Amino acid sequence: MCSRREADELIARGWVRVDGRVISELGTRVEPGVVIELDPRAERQRDRRVTILLNKPVGYVSGQPEPGCKPAVTLIVPGAQIVGDAGGQRFRTAMLKGLAPAGRLDVDSTGLLVLTQDGRVARQLIGDDSEVDKEYLVRVEGRLQADGLALLRHGLSLDGRALRPARVEWQNRDQLRFELREGRKRQIRRMCELVGLKVVGLKRVRIGRVRLGDLPLGGWRVLRADERF
């Protein structure tokens, strides 16, 4: 229901009780069968945490800034918000506190990037057991080797580890569509290099059941209450 960091914050605020007693010491161990309760204020705070969908442009990094690049979170400004039907949630500075990317998107790639204050969402998307798939449109150059498409679907390894099966098909003569359930560093670009292709454009268009849709480049919106990954 929350990350370790979030749990520490709740304990520090005195919002956690074990068998009716407020717990103040971080890392307190408890026995099986005890009743752990959250103060109603903790539930209200959790409900206010936002998840943001951003159409990331080229030149922005999803995580820590790199030389010559800006972090994608700097794009979360009032003028770039597409309000739509987000339950009336307009930009407020509190949205930026603890906002972190749930997954990576390379500096030279565009498309859907999720930033969230909610540890549950982050674990759903990037946890070791995540089953949420991501869809990409990938423009390529070069000549695909004879068994290249089959290898892209299953049979390649990166850094000595086999890749999970993927769905890969041609969209048109120079564009592939990938559906993956993992996200290693520059994975699609490296996969394509192994079968004779060079990626010249990459755009993420879907994460789970949430699509990029018509969100403009550099624009962002709040995930609606009725949307689920």
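The values are calculated or read from the model by the stated rules, or taken from the named source; none is laboratory data. Owing to the predicted nature of the structure, the values given are computational and were not obtained by experimental measurement. Positions of Cβ are backbone-derived with ideal geometry, glycine not excepted, and every protein chain shown enters the neighbour counts.
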Somewhere in region 186-197, is a residue outside the structural domain of GLY103 (by TED's automatic domain parsing), modelled with pLDDT of 95 or more and in a strand (DSSP E or B)?
yes
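Which residues, taken from region 96-125, are assigned to a helix (DSSP H, G or I), under 13 Å from the mean Cα position of the chain (by Cα) and under 20 Å from LEU75 (Cβ atoms)? I'd like the intermediate steps shown before the answer.
Here is the first cut: in region 96-125, the ones assigned to a helix (DSSP H, G or I) are 96, 119-125.
Next, from what is left, pick out any that are under 13 Å from the mean Cα position of the chain (by Cα): 119-125.
Across region 96-125, the qualifying residues are VAL121, ALA122, LEU125.
Can you tell me which of ALA102, ALA162, ALA122, ALA146 is over 14 Å from ARG190 (Cα atoms) and in the same structural domain as LEU202 (by TED's automatic domain parsing)?
On the way: ALA102 fails: in the same structural domain as LEU202 (by TED's automatic domain parsing); ALA162 fails: over 14 Å from ARG190 (Cα atoms); ALA122 fails: in the same structural domain as LEU202 (by TED's automatic domain parsing).
From the options ALA102, ALA162, ALA122, ALA146, the qualifying one is ALA146.
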Residues being over 30 Å from PHE91 (Cβ atoms) and in a loop (DSSP other than H, G, I, E, B) - total across region 8-66:
16
Reported set for region 156-167 where residues are within 23 Å of VAL114 (Cα to Cα) and outside any loop (DSSP other than H, G, I, E, B) is ARG167
